[in-house]
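The values are calculated or read from the model by the stated rules, or taken from the named source; none is laboratory data. No experiment lies behind these values; they were computed from the predicted model shown. Cβ placement follows ideal geometry from the backbone for every residue including glycine, while neighbour counts extend to all protein chains displayed. Just so you know, the surface numbers come from the protein's heavy atoms only, side chains and all, with ligands and any DNA or RNA stripped out. Shrake-Rupley method; radii C 1.70, N 1.55, O 1.52, S 1.80 Å.
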Amino acid sequence: MKVVFLGASGMVGAGALREALNAPEVESVLSIVRAPTGVVHPKLRELQMTDLFDVASVEQQLVGYDACIWAIGISSSGLDEAAYARVTEELTLVWARALLRLNPSMSFCYCSAGGAGGPGMWARVRRRVESALKEMPFQYAGAVRPGFIRPGPGIRSKTRAYQFGVVLLKPLFLLTPLLVRFMPFLFTTSEILGRAMLRVVQGRADRFILESADINRVGA
């Protein structure tokens, strides 16, 4: 399997990229980045783009891939719906449509967010993305909605409030196996989430939307 990654510099993407690079079934990874991540691996090639909306300029380099794992996300704090949807919805769908056109047997896994079924503006935008992806003729597709994620070694969240929560809860990380077992609807790890996203594009998930408990089950 040859995989395209977007969002590998963030907490979710970094964890998922690590799992993909360690997976024997993944032959190669093309990671689309704005700036180098510093990750070096024989399977990995990074493609720098200053404007992620300019997909047309790199189309020739996107042919021959089997799957895309999408982990780009921004906070909705301080943004109106149009500004939030510009990255969360428009950018996602621009890439999804282009990759599917260039690779008709493409599979796609989208990282949504826990609570995306709720009434808030950000949740409404996330649901629109999920619905649009579900209607596209991907070979396999799915959306993951993780709750709290324990990041793997060396992985940090770019969202200050989230990273602050990670620091506060660090003593609880010793109980991670128990938290995943007894509170799977709230808690997962970047390793489990990464494996679950990979299994979505392998056709090994049994539903389109994976809530936290589903992520823990599929990625176990």
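So which residues in the stretch 12-38 are open to solvent by 20 Å² or more (accessible area, probe 1.4 Å), out of contact with any helix residue (DSSP H, G or I) (no Cβ under 7 Å at 6 or more places or on another chain) and aliphatic (A, V, I, L, M)?
Scanning the stretch 12-38 gives Ala14, Ala35.
Could you say which residue among Ala67, Ala8 is touching a residue at least 40 places away in the same chain (Cβ under 8 Å), within 18 Å of Arg101 (Cβ to Cβ) and not polar (S, T, N, Q)?
Ala67
Name the single residue, out of those in the stretch 1-11 being closer than 21 Å to Glu90 by Cα and part of a loop (DSSP other than H, G, I, E, B), that is most open to solvent (accessible area, probe 1.4 Å).
Filtering first and then ranking leaves Ser9.
How many of the residues making up the stretch 118-154 are modelled with pLDDT under 95, open to solvent by 40 Å² or more (accessible area, probe 1.4 Å) and within 17 Å of the chain's Cα centre (by Cα)?
Here the count works out to 2.
From Arg97, Arg128, Arg101, which residue is of a type in the set (D, E, K, R) and free of Cβ contacts under 8 Å to residues at least 24 places away in the same chain?
So the residue among Arg97, Arg128, Arg101 that is of a type in the set (D, E, K, R) and free of Cβ contacts under 8 Å to residues at least 24 places away in the same chain is Arg101.
Given (1) surrounded by 13 or more Cβ atoms within 10 Å (Cβ to Cβ); (2) modelled with pLDDT under 95; (3) on the phi < 0 side of the Ramachandran plot, identify the lone condition not met by Gly115.
Condition (3) is where Gly115 drops out.
Just to confirm my filter: which helices (runs of 4 or more DSSP H) fall fully inside the stretch 174-220 and include at least 2 residues that are aliphatic (A, V, I, L, M) and modelled with pLDDT under 90?
Helices (runs of 4 or more DSSP H) meeting the threshold: 176-182.
Which of the residues spanning the stretch 41-100 are of a type in the set (Gly, Ala, Ser), open to solvent by 40 Å² or more (accessible area, probe 1.4 Å) and in a helix (DSSP H, G or I)?
Answer for the stretch 41-100, where residues must be of a type in the set (Gly, Ala, Ser), open to solvent by 40 Å² or more (accessible area, probe 1.4 Å) and in a helix (DSSP H, G or I): Ala56, Ser57, Ala82, Ala83.
Is one or more of the residues making up the stretch 27-50 without any contact (Cβ under 8 Å) to a residue 12 or more places away in the chain and among the small types (Gly, Ala, Ser)?
Checking the stretch 27-50: at least one residue is without any contact (Cβ under 8 Å) to a residue 12 or more places away in the chain and among the small types (Gly, Ala, Ser).
Under the condition of being of a type outside the set (Lys, Arg) and under 19 Å from Ile72 (Cα atoms), which residue from the stretch 155-173 is modelled with the highest pLDDT?
Among those that are of a type outside the set (Lys, Arg) and under 19 Å from Ile72 (Cα atoms), it is Ile155.
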